[in-house]
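What follows is calculated from the coordinates using simple rules that are stated; it is not laboratory data. Just so it is clear, the structure is predicted and the values come from calculations on it, not from any experiment. Note that each Cβ is placed from the backbone with ideal geometry, even for glycine, and that neighbours are counted across all protein chains shown.
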């Protein structure tokens with residue numbers, strides 16, 4: 001039986017500054033957590049290869065700055081997303097109230113063909129903190145009002161529900177991407193992502209060539225199969 005082509009999925013994480021977007025991404029990809037907070041400047045990404053429904057999937061996970069001055073990163077950043085993850089801090093009500101604006105921002109910028117059914121996933125992060133002020137019921141009600149968005153309560157620090165959440169993210173993103181992926185579409189997606197000019201942090205600028213090299217190698221390997 002011929003092997004299936006690998007699929008590249010673009011996942012965007014949105015939410016206010018300090019809710020733990022970077023920590024969630026690092027916990028999922030690198031199994032690491034740091035108590036030292038460092039604000040993301042512009043956008044950064046990591047990749048992880050996972051198996052979803054017997055498919056090899058390469059997730060390219062984009063972490064974004066939550067500061068207002070970076071809230072509109074432009075159409076090029078949102079274009080081609082297969083899933084959008086909305087994150088809030090269960091101990092900070094204002095970050096929960098911001099979910100509407102982040103969701104609207106994504107839908108406006110990404111302009112998905114079917115906005116009503118585009119896959120979002122909501123993460124209520126920092127459940128390891130005792131003084132939570134946003135209830136599970138309230139979060140579920142918001143998600144249900146938005147076409148039953150999947151909701152997970154997570155802790156990047158304690159690795160609570162992180163793996164489970166990203167498995168759902170990958171599965172929903174794969175469903176969005178569809179079964180029609182081919183080598184040409186894969187290479188076009190890689191080229192688009194590599195050529196996108198975003199305000200990266202100094203650290204990410206140093207690491208980006210290595211990451212894009214990995215993506216290019218993945219594409220080349222498909223062409224040789």
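Prolate is the label for the stretch 83-122, because a/c, from the alpha-carbon gyration tensor with a ≥ b ≥ c as root eigenvalues, is 1.5 or above and a/b exceeds b/c.
Taking a ≥ b ≥ c as the square roots of the eigenvalues of the alpha-carbon gyration tensor, the stretch 99-141 is classed prolate because a/c is 1.5 or more and a/b outweighs b/c. The protection proxy used here, the mean number of other Cβ atoms lying within 10 Å of each residue, ranks peptides 12-25, 153-166 as follows, highest first: 12-25, 153-166.
Model label sites at residue 144 and residue 175, defined 7 Å from Cα along the beta-carbon direction, differ in position by 1.9 nm. A protection proxy built from the mean count of other Cβ atoms within 10 Å ranks the segments 48-55, 137-144, most packed first, as 137-144, 48-55. Note on residue 108 and residue 132: with the Förster distance fixed at 35 Å, the Cβ-Cβ geometry gives a FRET efficiency of about 0.70.
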